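Nothing in this text is a laboratory measurement; each read-out follows from the coordinates by a stated rule. Note that the structure is a prediction, hence the values are computed from the model and not measured. We place every Cβ from the backbone using ideal geometry, glycine too, and count neighbours over all the protein chains shown.
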Amino acid sequence: MKGSIKIGKVAGIGIYIHWTFTLLIAFIIFSNYRAGQNFEQILWSIIFVLSIFVTVLLHELGHALAAKRYHINTKDITLLPIGGLARLESLPEKPKEELVVAIAGPAVNLVLALITALFITIPEAEDLTIQLSSGINSGNFFLNFFIVNVWLALFNLIPAFPMDGGRMLRALLAMKFERYIATNIAARIGQIFAIVFVFLGVFINPFLVFIGLFVFLAAKAESEYTQTKSLLHGYKVKDVMMKQYNSIDAGQPIKTAVKALLDGQSKNFLVTENSHSVGTLSRDEIIRALAEQGENELIYKVMNKDLIILDADAPLENAYQQVQENKSTLMPVVENNRLIGAIDTENILEFIMANDAQAKSAYNGQKF
């Protein structure tokens, strides 16, 4: 993620912290100072926030290590002011595996809460309110730590995407229904919770409105993504690849690419060198290079070298996932290490629309 600083590595997984985390620390110092707290009280608040982010890191590592059990690697974990983000290379498709991976995060929080409970005495309701209202200090640090871990576990168990509870619900439903149907049901339930959050937020806490909107949009995105993948299931890359595509030699100047751009409707070009794919060149990259380097700059110096090469027999749904994750616009397709075509975002989307229309037509035909 842009703007993130690597702070270490755990179990081969890169751990990053986003620069906006410093804004959170600054906000805590400022707000506590304005509230009249002394240096020691402010320091305890900062230490507590840092301990919570260690907890968030352990939560995400729970997901990552559970996924590793099923041979799914985690690209990295990024700590943000609003929580943590573990980027798995893929999500487990089997319901039981997804259930284990999803429940691993909240399980970490519950274990931390149970361990903490062994060393603290939970006061009565009246005393609890008094202790919590005095801010973070040495006397209530672990009590607050216990409460936050319980809260994190319960919050993440809410059956709504993108919380772990939403994925657990989908996994349980997928044991009986097709995955895309299970996702749609789980997404609808999640959106109901989102509406409740927004409603409560209007009267209780405006922050709940933000959470509700985030959950609603996340549930919608998850449903659409899974629906799209279901339409691609069973197809291979070669079923949709373009056999006729525009390529350009890496040793040519930018003005050659400009001419090719103006002569046709293609906005993306495959860059080749000695008949081998070495990169891609988009319309935006051509215009930027023309403005910054001039028309005589060589293409290989300005092309996108982050090339993703697809095997012709690879599942199309996997290719779609790669497109989404890497924001690729054009990818060469090979068979026996020989270039036979190319695939881009547009022709995948056209294939999706055609399949969707065909599915709706078949449904309407059966209906009547």
Residues whose placed amide H lies under 5 Å from that of residue 70, excluding near-sequence neighbours: none
Whole-number percent relative contact order across region 1-157, with pairs defined as alpha carbons under 8 Å at least 6 apart: 23 percent
Residue-by-residue Karplus 3J(HN,Hα) for region 297-308, coefficients 6.51, -1.76, 1.60, Hz, glycine and proline x: 5, 6, 4, 5, 7, 10, 6, 7, 8, 7, 8, 10
For residue 157, distant residues with modelled amide H under 5 Å away: 165
Ranked 350, 124, 297, criterion: other C-beta atoms within 10 Å, fewest first: 124, 350, 297
C-alpha long axis of helix 283-292 to longest principal axis of the chain, angle in °: 90 degrees
Tilt relative to the chain, helix 164-174 - C-alpha long axis, 0 to 90 degrees, to 10: 60 degrees
Using alpha-carbon coordinates, inclination of helix 141-156 to the longest axis of the chain, degrees: 40 degrees
Per-selection Rg to Rh, region 247-341 - Cα, Kirkwood hydrodynamic radius: 0.99
Ordering of 336-347, 101-112, 60-71 by burial proxy (mean other Cβ atoms within 10 Å per residue, highest first): 101-112, 60-71, 336-347
Förster radius 41 Å - calculated FRET efficiency between residue 205 and residue 178 (Cβ-Cβ, nearest 0.05): 0.60
Residue-span extension gain [residue 137 to residue 244] - 0.36 nm each, minus C-alpha spacing: 31.7 nm
Quarter of the Cα convex hull surface for region 1-157, i.e. its orientation-mean projected area (nm²): 10.6 nm²
Residue 291/residue 50 FRET efficiency (R0 45 Å; Cβ-Cβ; nearest 0.05): 0.50
Under Karplus coefficients 6.51, -1.76 and 1.60, residue-wise ³J(HN,Hα) of region 233-246 in Hz, glycine/proline x: 4, x, 9, 10, 4, 5, 6, 10, 5, 8, 7, 10, 9, 9
Dipole of the chain, positive end: most advanced residue of 324, 208, 147 [Cβ charges, Cα centre]: 324
For residue 341, distant residues with modelled amide H under 5 Å away: 333
Distance between modelled label sites at residue 314 and residue 30, nm, 7 Å Cα→Cβ extension: 4.6 nm
Stokes-Einstein D (µm²/s) once Rh is taken as the Kirkwood radius of the chain over alpha-carbon pairs, at 10 °C in 1.306 mPa s: 65 µm²/s
All-pairs Cα distance distribution in region 166-233, expressed in whole percent, bin size 5 Å: 4, 20, 23, 19, 15, 10, 6, 3, 1
For region 1-61, convex hull volume per residue from C-alpha positions, Å³: 84 Å³
Charge dipole of the chain about the Cα centre (unit charges at C-beta), most positive-ward option of 33, 100, 8: 100
